[in-house]
Every structure is written in structure tokens, then in C-alpha cells.
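Here's the structure, in C-alpha cells; my notes come after.
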Amino acid sequence: MKYFLSFLLVLAVFNGCKKDEVYPIEPVISFKSVALLGGSNSKDSMAVITVNFTDGDGDIGLNPDDTLAPFNPGSPYYRNYQMEFYEKINGVWTLNPISPTLGGRLPYLTPKGSNKALKGEIKMDSNLPIHKTLDTCYVNIFIYDRALHKSNVVKTSEFIITTN
């Protein structure tokens, strides 16, 4: 019994000394997956893109009422999750002209408590910019935090959209 209690005491001490995760204050993302979803006509109409992220000071995301500068509509920071959609046209990668309207606003994610570091996964649904028969595509993704730090840019795997 004495050894068991000693073991529990040592275990409690080690758990109490566990250090908080430390990440850079700029968001860091990595590509995880892309899944295409079809509509009722079996054409691909939406992509669900998943990225992993870390942020050392936890200032990811915006509240719905965060619409004053620099987060006002029309500002590059209004959509804090940015997507650039590229398609292969005649063998050449081309930025899709409606690409800047893709992406969205991540919700406020800052944790309570003294350790604000964040680590997680973001799944973003996006309507696909289908305007003709597409060839191979990919998406570049980056995010901004509330301090306007821009993350690294990640590229999804290439995918083919079914349009007929």
C-alpha cells in the first residue's frame, strides 16, 4: 500500500509539472484533406477542406459583430480564412477569377485561462466555382489572426471536379 501511494504521489507531481504547449504567435496551418460533395444531380458542388492549425497566443477567429476596420466587409481581413482556387486550363495553372470570394470567417476561438495556445482542426465548406467543364484543380489556403498575422500558405492536393 505504501508503494502504491508513493506511485500515485509521483504521478500527481509529474502531471502537475506538465508544461503548456508553446507555439509561434503567428498561425501555422497544414493541409489535411479535401472531400468533394455532389448535389442532387451528382455533380460536385461543394468541397470540404480540412487543415490543422496552431497559434501561440490564441487570437484566432472573429465575433459576428467584428465588422469595424480592419475587419470590415471589403477588407482583406474580413474573411480571416482565405482560399485561392486554381484550375488547370489547357495545361496551365490559372487563378479562378471568383477565387477572392471563397473562404470565410472563422469564429472566435480564444480559450479561457492563462494558456491561450491553440491547436486544432478547421473544416471549411466551400461552394465550388463551377462555370465550365473543369480540369484538375487545387486550392491555396491561409488564415489571419486578430493581430493580422498571416499564416503560412498551404496547397491542397489536386482534385478533379465532376461537372456532368
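The values are calculated or read from the model by the stated rules, or taken from the named source; none is laboratory data. Small disclaimer: the values here were computed from a predicted structure and weren't measured. As a convention, Cβ positions derive from the backbone with ideal geometry for all residues, glycine included, and neighbour counts pool all protein chains shown.
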> Only one of Ser75, Ser40 is loosely packed, with under 13 Cβ neighbours inside 10 Å and modelled with pLDDT of 90 or more; which?
Replying inline: Ser75
> What number goes with the only condition from (1) in a strand (DSSP E or B); (2) at pLDDT 95 or above that Met124 does not pass?
Replying inline: (2)
> Can you spot a residue in region 90-111 that is small (Gly, Ala, Ser), loosely packed, with under 13 Cβ neighbours inside 10 Å and modelled with pLDDT under 95?
Replying inline: yes
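Within region 73-102, which residues are assigned to a loop (DSSP other than H, G, I, E, B), within 15 Å of Val139 (Cβ to Cβ) and either under 16 Å from the mean Cα position of the chain (by Cα) or in contact (Cβ under 8 Å) with a residue 12 or more places away in the chain (or both)? Even if it seems obvious, please write down each step before you answer.
Going residue by residue through region 73-102, those that are assigned to a loop (DSSP other than H, G, I, E, B) are 73-80, 90-91, 96-98, 102.
Right, trim to within 15 Å of Val139 (Cβ to Cβ) and you get 79, 96-98, 102.
Matches in region 73-102: Arg79, Asn96, Ile98, Leu102.
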>> Give all pairs with beta carbons closer than 9 Å in which a residue from region 109-125 that is without any contact (Cβ under 8 Å) to a residue 60 or more places away in the chain meets a residue that is of a type in the set (Gly, Ala, Ser) and in a strand (DSSP E or B); count only pairs at least 6 apart in sequence or on separate chains.
In response: Leu109/Gly120
